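Chemist: The structure's right below; bear with me while I get my questions together.
The values are calculated or read from the model by the stated rules, or taken from the named source; none is laboratory data. Here the structure is a predicted model, which means the values were calculated and not measured. Virtual Cβ from ideal backbone geometry, glycine too; neighbours counted across all protein chains shown. Areas reflect the complete protein model, heavy atoms only, side chains present, ligands, DNA and RNA absent. Shrake-Rupley method; radii C 1.70, N 1.55, O 1.52, S 1.80 Å.
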Amino acid sequence: MMDNQRLFLVGALALVLLLIWTTWQRDYSTPPPQAESTEAASESSAPAPAAEAPEAAADPQPADAPTREPGAEGDDPTRTDGDVIRVETDTLLVQIPLQGGNIVQARLPRHSVSEDNPAPYTLLSPDDPLFMAQSGLVSDEGSAPDHQARWSAGAERYVLGDGQDRLEVPLTWSNGDGVEVMRTYIFERDSYVVRMVQSVENTSDTPWRAYQYNQLRRSSETEGPGFLGAASYTGGVIYSPSEKYEKISFGDMEDSDLSRDIDNGWLAMIQHYFLASWVPPRDRELRYYSRFDNGEYVLGQSSSWQTAEPGETVSFENRLFAGPKEQSRLDAVAAGLELTVDYGWLTIISKPLFIALSWIHGVVGNWGWSIILLTLGIKLVFYKLSETSYRSMARMRKLQPEMQKLRERYSEDRQQMNQELMQLYKKEKVNPLGGCLPILIQIPVFIALYWVLLESVELRQAPWILWIQDLSVRDPFYVLPLLMGASMFLQQKLNPAPMDPIQQKIMMGLPFVFTIFFMFFPAGLVLYWVTNNSLSILQQWFITRQIEAGDKKANA
């Protein structure tokens, strides 16, 4: 019959092994090529519900696109030249080359590269790893600007000034035959959403018909913490009201092309802490597609056909979100976009935990102390369950001398030994498995909180105290992992030891093994485990003293 100590430690080991296993599930990406073309259905009198992706040859790299690492010496976001428009707001630093007219670089001034590198974090970039947002129009006769067309602009630099809440960046294109397109990027203060409106004026004497496509293109390079630090998903995502949240991994894009009509949906390329997403206007059906070519991935959407009669103007629009996975912002952009903060199969538990953690942070103003207070709250919620477990362990510890005698007496007859042990448990009214169920019930909460601490961009570069200046990376001096190992060792001393000498040696080695594992975990996670272990030790010590005091009183 297993004792509670053994089951507890085996359960804890299984939990850590689960976290390690999920780390190895990290997807290895490869960027999408430009979407392939489909022939325009010019013979059809009715517009298609959504046009297929256009032909897209390999994009030429802009001659003056930055090739330096973010924050490298000489990388001046205020530098201008004739072929690249630079846009500066309080949340975004954007580059738009006139060749293509796309947002090929987006940096986030509110999020630095690292604690050691204060340069703005680069989310979109034409460099390696490539990650760009692209847009274009496709017409029946080819007289429309795709994502490689040459645009004109009236200025080289646009800055959102003090007291200004809105900034418009217009680009123009003409086919020389009476069709003019104005592409306007609209930026707003304190927003990571860029609204794009393409107005097409037809001054020719013939109708003009086209559809718009918007796509995200990236290479396979993934981003995220290192070994054992995270298993955050990197890849594509689409959302529809019927299918809800669906991952389109890089492997899926390699295996087959996506082609699906979706109404009121959106698409995104996500990575740890950040994402880019195209969110089209509501109540419009678009065709969603994916492509893979030459080690690059494209996930895009194309609109229905629109016709501009002579003298008419038609418009196409979409919204690009390029920023951090701040849940309060995502909720406001589109329904379901907050699901890109991927808590996995325990979202139903993780979501309330994040809400509670955020509320506590709003009170104390420090994420480290918030983790400690949340852990204390979880321990209070599960106090009665833990009390049942610890009381069972304390009674098992009290019976150990008698159990050892039975094991020695019936060492040659295992069946008889088990019978005698069951009689002892019955006599002393002890359930040998009484401490297991309360622990098993709490394990999903532990895993859910693991994902909350792992996925929340709010903890990125969030300081706690002293040497812990970033709760999302490992402890630089390994103080917290060592404290975790020491607390686990002390917990073992408070619990009944296994009867088998070999098991005793294995259990004694587990604190050391766990300490090595936790050296690679984010400091916020280790802080949670240290706090949880410390509170468990106090609770177990208190309950054990109560039982011993009760026994003394009963024997007096």
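Chemist: If you take the residues in the stretch 437-458 that are open to solvent by 10 Å² or more (accessible area, probe 1.4 Å) and among the aromatic types (Phe, Trp, Tyr), which one is modelled with the highest pLDDT?
Modeler: For the stretch 437-458, the residue satisfying everything is TRP451.
Chemist: Just to be sure I understand, how many residues within the stretch 347-376 are hydrophobic (A, V, I, L, M, F, W, C) and open to solvent by less than 10 Å² (accessible area, probe 1.4 Å)?
Modeler: 2
Listed here are the residues, each with its yes/no results for (1) touching a Ser or Thr at 6+ places or on another chain (Cβ under 7 Å); (2) closer than 20 Å to TRP369 by Cα; (3) at pLDDT 80 or above; (4) surrounded by fewer than 16 Cβ atoms within 10 Å (Cβ to Cβ).
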position	(1), (2), (3), (4)
SER487	yes, yes, yes, no
PRO496	no, no, no, no
LYS505	no, no, no, yes
LEU510	no, no, no, no
VAL530	yes, yes, yes, no
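Chemist: Related question: For SER290, indicate whether it is crowded, with 20+ Cβ neighbours inside 10 Å and more than 15 Å from the chain's Cα centre (by Cα). Explain how you work it out, then say what you get.
Modeler: On the way: crowded, with 20+ Cβ neighbours inside 10 Å: yes; more than 15 Å from the chain's Cα centre (by Cα): yes.
So SER290 fits the description; yes.
To keep it simple, each residue is scored yes or no on (1) within 19 Å of SER125 (Cα to Cα); (2) crowded, with 21+ Cβ neighbours inside 10 Å; (3) of a type in the set (S, T, N, Q); (4) in contact with a Leu (Cβ under 9 Å, 6 or more places away or on another chain).
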{"site": "TYR239", "(1), (2), (3), (4)": "no, yes, no, yes"}
{"site": "SER242", "(1), (2), (3), (4)": "no, no, yes, no"}
{"site": "LYS247", "(1), (2), (3), (4)": "no, no, no, no"}
{"site": "ASP261", "(1), (2), (3), (4)": "no, no, no, yes"}
{"site": "VAL298", "(1), (2), (3), (4)": "yes, yes, no, yes"}
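Chemist: Given the structure, is PHE520 outside any helix (DSSP H, G or I) and either modelled with pLDDT under 75 or open to solvent by 10 Å² or more (accessible area, probe 1.4 Å) (or both)? Reasoning before the result, please.
Modeler: Details: outside any helix (DSSP H, G or I): yes; either modelled with pLDDT under 75 or open to solvent by 10 Å² or more (accessible area, probe 1.4 Å) (or both): yes.
So PHE520 fits the description; yes.
Chemist: Another question, then. Does any residue in the stretch 142-160 that is within 18 Å of VAL104 (Cα to Cα) come within less than 8 Å, Cβ to Cβ, of a residue that is aliphatic (A, V, I, L, M) and open to solvent by 50 Å² or more (accessible area, probe 1.4 Å) six or more places away or on a different chain, and which pairs are these?
Modeler: Sorted first by the residue in the stretch 142-160, then by its partner, the pairs are GLN148/ALA57.
Chemist: Sticking with this one: Can you pull out every residue in the stretch 158-179 that is assigned to a strand (DSSP E or B) and surrounded by fewer than 17 Cβ atoms within 10 Å (Cβ to Cβ)? Working first, answer last.
Modeler: Within the stretch 158-179, the first condition is being assigned to a strand (DSSP E or B), and the residues that meet it are 158-159, 166-174, 179.
Passing the criteria: VAL159, ARG166, GLU168, THR172, SER174.
Chemist: Restricting attention to the stretch 180-191, and to residues there that are closer than 15 Å to ALA149 by Cβ and in contact (Cβ under 8 Å) with a residue 24 or more places away in the chain, which single residue is surrounded by the most Cβ atoms within 10 Å (Cβ to Cβ)?
Modeler: So in the stretch 180-191, the residues closer than 15 Å to ALA149 by Cβ come out as 180-183.
Okay, now just the ones that are also in contact (Cβ under 8 Å) with a residue 24 or more places away in the chain, so 181, 183.
On the way: VAL181: 22, ARG183: 25.
Restricting to residues being closer than 15 Å to ALA149 by Cβ and in contact (Cβ under 8 Å) with a residue 24 or more places away in the chain, the top hit is ARG183.
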